[in-house]
Amino acid sequence: MSRFLYRIGRSATLHPLRTLALWVVLAALVLGAKGSVGGELSDKFTIPGAESQHALDLLKDRFPSESHASGDLVFHVADGRVTDPAPAATIAAALESLRSAPHVTAVSNPFDEAESTVSDDGRTAFASITYDEDLITADMYAHTEAIAHEARSAGVQVELTSSLVAEEGGPEGSELVGLAVAVLVLLVAFGSVIAMGIPIGTALFGLLIGMAGVSVLAGFTDVPSVSPMLAMMIGLGVGIDYALFVVTRHRQNLRAGMSVEDAAGWANATAGQAVVFAGLTVVVAILGLQLSGLPSVTAMGYACAIVVLVSVLVAITLLPAFLGFAGRGIDRLKVPGIRERGPEHTTASGRWASHVGHHPWRYLFGSLALLGILAVPVTSMRLGFADDSNLQESSTERKAYDLLADGFGAGFNGPLAIVVDGATPEVLDTVTATLAADERIASIQAPVINADGAVAVVTAFPTTSPQDESTEQLVKTLRENLPSAIAGSSAVVLVGGNTAAVIDVSDRISDRLPIFIGAVVLLSFVLLVVMFHSIVVPLKAAVMNLLSIGAAYGVVVAVFQWGWGKNLVGIHDTMPVNPFVPLIMFAILFGLSMDYEVFLLSRVREEFLKHGDGHQSVVDGLSSTARVITSAALIMISVFGAFVLGSDPILKMFGLGLATAVFVDATLVRMVLVPATMSLLGTANWWLPAWLDRILPVLDLEGGAMDSALADLDFDIDDDDDETERRDAARVPVGV
């Protein structure tokens, strides 16, 4: 791979215009594919094998009108009653307009005496809207919102529940904050505007293509609306970090006296190979989300994998072209006041590593205790979906939620759809009586029966909100009690609806999470064994990664579920941890940790192979890599942390969790646990059975210990610059 990447890097540097042109053509093709076959985002979740999915499939087959998209339009007046002549006329006009709207099949009348949907105080009412589509499109939402706007102009407050709002999934602007911080970090790290601009420019170019690829993916499968923002968060972070590693090595090579094309080629052969290794690990880990058994989660994984893969390709092909454009002027446009230090400089991190190495037990137990404390909240983690009470107070969904909760009770926002197949009058009476006997049920609507009288839907409203743990327990209790109540009949009763579906998703992920974690840990262990020819180092890395991720999980639980500092992250109420967060976080973080693991430990191994001193090898390795690792970590933290500023609670969880994990990994793990444990283990760090050492391939991702071997490779360089060929043939690159 070193030979291959060297050729790519050197060729791209010698022919930057050609390389850039190829990428521009590729970008045009992907953007063209987005326009022709790209699809819309879809929050259409399927849960194969779950009871809520069985209920939905039964309705689609036997009672289609009850399986289509529906929601409530909520009306409210500050003074008087909604039944007063003026507001009543406004509401009636709005409902009449809705009945003639595209795709609308039914609109209820809140003033119908038989089924009145006016609150007891008379200030709030709602109308249920049913469509002939499974999902709300942007056009359908826009039409409903326009009608609501007209009613608001007439003095009636009108809000839409979340099921009537089309998810956009677009940028909110918070990512710009992370990008701005990344620019500052790179300016400090490189001390040059040009050197800073190359990683930023290539990362953004790769992100453009990757995001277009996500749109193309949406044309072939259902991609959840949160996927683009999650993919952007990850793509921006890894894109800048991967470029940072390559540019750092390139500048070191230039300082060692190499030509521009040599420096870029060798940077690609060493740091570029580390990028390939780390990036593919991220991709493979994310693709492991297929083990979740949830098509939507798998699609989210595909979206993130596309962006990461493009970032890797850009870092090893387009980035060298930009290095060719910059030439030896990469360090021009210096930033005043920033003193540049080479990697050979003895840094405070080296002195710190030496200090930790002389007191390993103290720091080992101290850091483990701190990580353990951070991870304590994990023991009470409850997976579930946040309801609309956690949205911004200015959003129409949040306003509708509050109005319905105030007017009709908290559980009104999370109805349960009890689907009965074989709905005889006796069975329906039994089902209704069983529901009414449960004190956690606030009210029950009359059964709605299909044309042949065989399938019925009974809607039950809990006393508690959708995200409340009591609602989850109610669903599980009903799934036990209802079938028992009709045991003497041939009827089948299923508890479905959105509230039950999100509970099923949580249960499915809880069941699959241990399997997924085990698979990813095993994969990373095998890859690190191949990389470092050691059993101890990969085992230690796996344990440390689990500790850092556990600490990140703990912080997420403490903030979002326990409410510690919730106002600081902009949430209004506590909520369960979204089931997607621990699953996807684990996949991403186990892959990203490879960046720092490879970059640091390869340097440590290089020094160990030189002199065999376990303690000094850690000191030297940390001294030469700390600046780059710190810069990369700050970029990741700023990019991830910026998403906490957004409005989406799910993205807030991802942002806080990922930023915390990277912070813990770059500080407690790399700066304390690694030097402490490696100093204690000494030469045992690199133990490997002889038989295994003979069959494993030799990789040299950072070029250190294998420099001489790489230098002896007979690179058959074929380019148009004969003078460059003669010069390169006459010299042996050193100091990589």
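Being modelled with pLDDT under 90 and either small (Gly, Ala, Ser) or assigned to a loop (DSSP other than H, G, I, E, B) (or both) is the filter here; which residues of the range 154-165 pass it?
Filtering the range 154-165 for residues modelled with pLDDT under 90 gives 162-165.
Those that are modelled with pLDDT under 90 and either small (Gly, Ala, Ser) or assigned to a loop (DSSP other than H, G, I, E, B) (or both): SER162, SER163, VAL165.
Report yes if SER617 is open to solvent by 10 Å² or more (accessible area, probe 1.4 Å) and modelled with pLDDT under 85, otherwise no. Don't jump to the end; show me each part of the working.
Values: open to solvent by 10 Å² or more (accessible area, probe 1.4 Å): no; modelled with pLDDT under 85: yes.
For SER617, the condition - open to solvent by 10 Å² or more (accessible area, probe 1.4 Å) and modelled with pLDDT under 85 - is not met.
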Worksheet, complete the sentence: When the range 652-671 is checked residue by residue, the ones that are small (Gly, Ala, Ser) and either in contact with a Leu (Cβ under 9 Å, 6 or more places away or on another chain) or open to solvent by less than 10 Å² (accessible area, probe 1.4 Å) (or both) are GLY655, GLY657, ALA661, ALA666
Worksheet item: Is it the case that some residue within the range 55-73 is surrounded by 21 or more Cβ atoms within 10 Å (Cβ to Cβ) and over 19 Å from ASP134 (Cα atoms)?
Response: no
Worksheet item: Residue check, MET258 against (1) touching a residue at least 24 places away in the same chain (Cβ under 8 Å); (2) part of a helix (DSSP H, G or I); (3) out of contact with any Asp or Glu (no Cβ under 7 Å at 6 or more places or on another chain), all met but one. Which one?
Response: (2)
Worksheet item: Where residues in the range 403-445 are charged (D, E, K, R) and in contact with a strand residue (DSSP E or B) (Cβ under 9 Å, 6 or more places away or on another chain), which of them is nearest to VAL492 (Cα to Cα)?
Response: ASP421
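Given the options ALA78, ALA28, ALA101, name the one that is in contact (Cβ under 8 Å) with a residue 40 or more places away in the chain, over 30 Å from LEU294 (Cα atoms) and open to solvent by 50 Å² or more (accessible area, probe 1.4 Å).
Numbers: ALA28 fails: in contact (Cβ under 8 Å) with a residue 40 or more places away in the chain; ALA101 fails: open to solvent by 50 Å² or more (accessible area, probe 1.4 Å).
Of ALA78, ALA28, ALA101, the one residue that is in contact (Cβ under 8 Å) with a residue 40 or more places away in the chain, over 30 Å from LEU294 (Cα atoms) and open to solvent by 50 Å² or more (accessible area, probe 1.4 Å) is ALA78.
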Discussion item. Which residue is modelled with the highest pLDDT, if the candidates are limited to the range 541-558 and must be open to solvent by 20 Å² or more (accessible area, probe 1.4 Å) and in contact with a Leu (Cβ under 8 Å, 6 or more places away or on another chain)?
Written reply: VAL555
Worksheet entry | Condition check for PHE525: assigned to a helix (DSSP H, G or I), among the aromatic types (Phe, Trp, Tyr), surrounded by 14 or more Cβ atoms within 10 Å (Cβ to Cβ) and under 19 Å from the mean Cα position of the chain (by Cα) | no
Worksheet item: SER174: at pLDDT 85 or above and hydroxyl-bearing (Ser, Thr, Tyr), yes or no?
Response: no
Worksheet item: Failed condition for SER225, given (1) under 20 Å from LEU391 (Cα atoms); (2) touching a helix residue (DSSP H, G or I) at 6+ places or on another chain (Cβ under 7 Å); (3) part of a loop (DSSP other than H, G, I, E, B), with all others met?
Response: (2)
Worksheet item: Out of GLU96, GLU145, GLU175, GLU115, which single residue is in a helix (DSSP H, G or I) and open to solvent by 70 Å² or more (accessible area, probe 1.4 Å)?
Response: GLU96
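Go through the range 359-415 and give me each residue that's of a type in the set (Ser, Thr, Tyr) and open to solvent by 40 Å² or more (accessible area, probe 1.4 Å). Working first, answer last.
Here is the first cut: in the range 359-415, the residues of a type in the set (Ser, Thr, Tyr) are 363, 367, 379-380, 389, 394-396, 401.
TYR363, THR379, SER380, SER394 - these are the residues of the range 359-415 that are of a type in the set (Ser, Thr, Tyr) and open to solvent by 40 Å² or more (accessible area, probe 1.4 Å).
Filter the range 256-280 down to the residues that are of a type in the set (S, T, N, Q) and open to solvent by 10 Å² or more (accessible area, probe 1.4 Å) and list them by number.
SER259
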Discussion item. If a residue must be at pLDDT below 85 and more than 24 Å from the chain's Cα centre (by Cα), how many such residues does the range 359-393 contain?
Written reply: 1
Item to complete: Kindly establish whether THR463 is within 29 Å of THR161 (Cβ to Cβ), open to solvent by 20 Å² or more (accessible area, probe 1.4 Å), out of contact with any helix residue (DSSP H, G or I) (no Cβ under 8 Å at 6 or more places or on another chain) and not aliphatic (A, V, I, L, M).
Response: no
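Here's the yes/no breakdown for (1) at pLDDT 80 or above; (2) under 22 Å from the mean Cα position of the chain (by Cα):
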{"residue": "LYS610", "(1), (2)": "no, no"}
{"residue": "ILE637", "(1), (2)": "yes, yes"}
{"residue": "SER647", "(1), (2)": "no, yes"}
{"residue": "PHE663", "(1), (2)": "yes, yes"}
{"residue": "THR667", "(1), (2)": "yes, no"}
{"residue": "PRO697", "(1), (2)": "no, no"}
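Can we say SER510 is surrounded by fewer than 21 Cβ atoms within 10 Å (Cβ to Cβ) and within 18 Å of the chain's Cα centre (by Cα)? Spell out the reasoning first.
Numbers: surrounded by fewer than 21 Cβ atoms within 10 Å (Cβ to Cβ): yes; within 18 Å of the chain's Cα centre (by Cα): yes.
When the stated conditions are applied, SER510 passes them.
Right, SER215: among the polar types (S, T, N, Q), open to solvent by 10 Å² or more (accessible area, probe 1.4 Å) and at pLDDT 90 or above or not? Please lay out each step first, then the result.
Details: among the polar types (S, T, N, Q): yes; open to solvent by 10 Å² or more (accessible area, probe 1.4 Å): yes; at pLDDT 90 or above: yes.
Criteria met by SER215.
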Discussion item. Being in a helix (DSSP H, G or I), in contact with a His (Cβ under 8 Å, 6 or more places away or on another chain) and not β-branched (Val, Ile, Thr) narrows it down to one residue among SER679, SER593, SER602, SER631; which is it?
Written reply: SER679
Response to the item:
Over the range 403-458, the set of residues touching a residue at least 60 places away in the same chain (Cβ under 8 Å), within 21 Å of VAL502 (Cβ to Cβ) and aliphatic (A, V, I, L, M) is LEU404, ALA405, LEU416, ALA417, ILE418, VAL419, VAL457
Worksheet entry | Test for SER225: is it modelled with pLDDT under 85 and open to solvent by 10 Å² or more (accessible area, probe 1.4 Å) | yes
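Residue by residue, here is whether (1) touching a helix residue (DSSP H, G or I) at 6+ places or on another chain (Cβ under 7 Å); (2) assigned to a helix (DSSP H, G or I) holds:
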{"position": "GLU480", "(1), (2)": "no, yes"}
{"position": "SER484", "(1), (2)": "no, yes"}
{"position": "LEU494", "(1), (2)": "yes, no"}
{"position": "THR499", "(1), (2)": "yes, yes"}
{"position": "SER510", "(1), (2)": "no, yes"}
{"position": "VAL529", "(1), (2)": "yes, yes"}
{"position": "VAL537", "(1), (2)": "yes, yes"}
Fill in: Failed condition for ALA151, given (1) buried (at least 20 other Cβ atoms within 10 Å of the Cβ); (2) closer than 22 Å to ARG627 by Cα; (3) among the hydrophobic types (A, V, I, L, M, F, W, C); (4) modelled with pLDDT of 90 or more
(2)
Discussion item. Given (1) surrounded by fewer than 20 Cβ atoms within 10 Å (Cβ to Cβ); (2) farther than 30 Å from PRO320 by Cα; (3) of a type outside the set (Gly, Ala, Ser), identify the lone condition not met by ARG3.
Written reply: (2)
Worksheet item: Just for the range 121-133: of the residues that are modelled with pLDDT of 90 or more and open to solvent by 60 Å² or more (accessible area, probe 1.4 Å), which one is nearest to GLY409 (Cα to Cα)?
Response: ASP121
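Please tell me if SER602 is polar (S, T, N, Q), in contact with a Gly (Cβ under 7 Å, 6 or more places away or on another chain) and open to solvent by less than 40 Å² (accessible area, probe 1.4 Å).
yes
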Discussion item. Taking the criterion of being more than 14 Å from the chain's Cα centre (by Cα), crowded, with 24+ Cβ neighbours inside 10 Å and under 24 Å from LEU658 (Cα atoms), would at least one residue in the range 299-313 satisfy it?
Written reply: yes
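The values are calculated or read from the model by the stated rules, or taken from the named source; none is laboratory data. Quick caveat, the model's predicted, so the values are computed rather than measured. As a convention, Cβ positions derive from the backbone with ideal geometry for all residues, glycine included, and neighbour counts pool all protein chains shown. Side chains included, ligands, DNA and RNA excluded: accessible areas come from the protein's heavy atoms. Shrake-Rupley method; radii C 1.70, N 1.55, O 1.52, S 1.80 Å.
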